[in-house]
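Right, one structure below, let's go through it.
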Amino acid sequence: MLSGHVFSPVLSFARRSAIDRIVFFGTPEFAVPTLAALVGAGRAPVRVVTQPARRAGRGQQPQDPPVARWAREHGLPVMQPERVRDPAFLEEVAALNPDVAVVVAFGQIFPRALLDLPRHGCVNLHASLLPRWRGASPIQAAVAAGDARTGVSTMLMEAGLDTGPILLEEAMAIGPRETAGELARRLADAGGALMVRTLQELERGTLAPRPQPPAGATYAPRLTRESGRVDWSLTALEIHRRLRAYTPWPGLTAGLRGAPVKIMAAAVLDAAGDAVGVPGNAGPGTYLGLREGLLAVACGGDTLLGVAELQRPGKRALRAPDFANGERLQVGERFS
């Protein structure tokens with residue numbers, strides 16, 4: 001793991017100032033390690049703010065988000081506003097007299113009135129090395145782009161989207177086969193420790209926030225189910241990166257005979273030579289037969305993706321040979 005802190009004299013906090021009253025904002029599983037780290041460090045928030053319960057699962061019963069469940073299990077008071085810009089909510093937070101707000105993947109845009117409430121501002125944990133991959137899906141974007149490393153950053157929030165000055169950061173390498181889900185767990189754990197250190201240094205007055213450089217900024221938009229649709233015109237390497245990036249959600253889905261099929265596992269194949277006698281100019285998405293126990297599918301740039309495991313909706317996942325036999329898959333058929 002690589003790590004580094006960058007300091008500058010810009011915007012430094014000159015005096016010691018106790019941070020006793022923390023309001024925590026977070027919603028998904030990614031935010032739980034930071035909340036747990038604060039509690040473990042003796043910095044339990046005076047209030048945990050998270051999204052309202054949403055209907056989910058087969059029964060469509062209301063379910064609290066992971067942060068709400070963890071907070072209640074550990075006796076922390078919870079607030080679940082529909083909108084953080086509502087005056088009644090802002091008044092309730094103001095009455096808490098917060099020293100700082102800690103924000104991790106909360107899921108709502110903060111109005112200026114909320115940004116200005118805490119004495120030390122709002123400190124956000126972001127899962128990238130800013131300014132690269134601002135936005136809602138930085139982990140998936142880094143994996144899909146083939147980045148060699150990423151990390152976590154703490155920053156002071158401002159009105160722009162992830163544009164505030166950086167406080168501390170920690171970098172780590174991305175494994176060549178690592179999925180976004182696996183990487184998220186490592187980043188979440190690192191982020192919890194980084195946030196505790198950030199508050200310690202903020203309290204001591206030793207932090208010097210640095211503005212984000214204007215060069216190198218990229219944006220990672222929010223993912224949808226449609227984001228996981230396979231684009232066979234991409235190279236096999238690019239598609240494989242997207243498979244890793246979209247695991248566990250939204251997954252990578254193709255079409256076959258007018259019905260969806262989810263690609264569960266795959267590998268990039270050496271495209272040297274034609275597969276089972278099919279001409280090398282087969283269009284992207286063409287099934288070229290079994291190779292090394294994998295479904296060889298033509299991709300952009302004359303590359304081959306070897307699909308190892310597939311799943312039809314409502315059915316169990318099958319290894320490539322079993323899927324080919326069960327579907328009576330013919331060489332030359334096209335995945336869409």
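The values are calculated or read from the model by the stated rules, or taken from the named source; none is laboratory data. What you see is a predicted model; the values in this text were computed from it and never measured. Glycine also receives a Cβ, built like all others from the backbone with ideal geometry; neighbour counts cover every protein chain displayed. Accessible surface areas use protein heavy atoms only, side chains included; no ligands, DNA or RNA. Shrake-Rupley method; radii C 1.70, N 1.55, O 1.52, S 1.80 Å.
Quick rundown of the values:
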{"quantity": "Dipole moment magnitude, nearest 20 debye, the stretch 188-245 about Cα centre, only Lys, Arg, Asp, Glu C-beta charged", "calculated": "100"}
{"quantity": "Relative contact order (percent, whole number), the chain, Cα cutoff 8 Å, 6+ residue spacing", "calculated": "16"}
{"quantity": "Solvent-accessible ranking of Tyr246, Tyr219, largest area first, probe 1.4 Å", "calculated": "Tyr219, Tyr246"}
{"quantity": "The chain, Rg to Rh (Cα coordinates; Rh as Kirkwood inverse mean 1/r)", "calculated": "1.06"}
{"quantity": "Trp232, Trp133, ranked by accessible area, largest first (probe 1.4 Å)", "calculated": "Trp133, Trp232"}
{"quantity": "Average accessible surface area per residue within the chain, 1.4 Å rolling probe, Å²", "calculated": "47"}
{"quantity": "Arg257-Asn97 FRET efficiency (beta carbon distance; Förster radius 51 Å; 0.05 resolution)", "calculated": "0.25"}
{"quantity": "Surface share of carbon and sulfur [accessible, 1.4 angstrom probe, percent] for the chain", "calculated": "52"}
{"quantity": "Using distinct alpha-carbon pairs, which all enter the 1/r mean, Kirkwood radius of the stretch 126-168 in Å", "calculated": "10.5"}
{"quantity": "Per-residue [θ]222 nm for the chain (sum of -39500 (n - 2.57) over DSSP H runs n ≥ 4, rounded to 500)", "calculated": "-7000 deg cm²/dmol"}
{"quantity": "Rounded, prolate or oblate (a/c below 1.5 giving rounded, otherwise prolate when a/b exceeds b/c) for the stretch 157-277 by Cα gyration tensor", "calculated": "prolate"}
{"quantity": "Order of exposure, largest accessible area first, which applies to Lys262, Lys315 with probe 1.4 Å", "calculated": "Lys315, Lys262"}
{"quantity": "Estimated FRET transfer efficiency (Ser17, Ala56; beta-carbon r; R0 56 Å; 0.05)", "calculated": "0.85"}
{"quantity": "Potential lengthening between Ala148 and Arg112 on full extension [0.36 nm per residue; Cα-Cα distance subtracted]", "calculated": "9.4 nm"}
{"quantity": "Label-to-label distance, nm, for residues given as Glu333 and Leu237 (7 Å Cα→Cβ offset)", "calculated": "3.0"}
{"quantity": "Antiparallel content of DSSP bridges confined to the chain, in %, to 5", "calculated": "70"}
{"quantity": "Label-point separation, Asp189 to Lys315 (7 Å along Cα→Cβ), nm", "calculated": "3.8"}
{"quantity": "For Trp249, solvent-accessible area (1.4 Å; no DNA, RNA or ligand), Å²", "calculated": "110"}
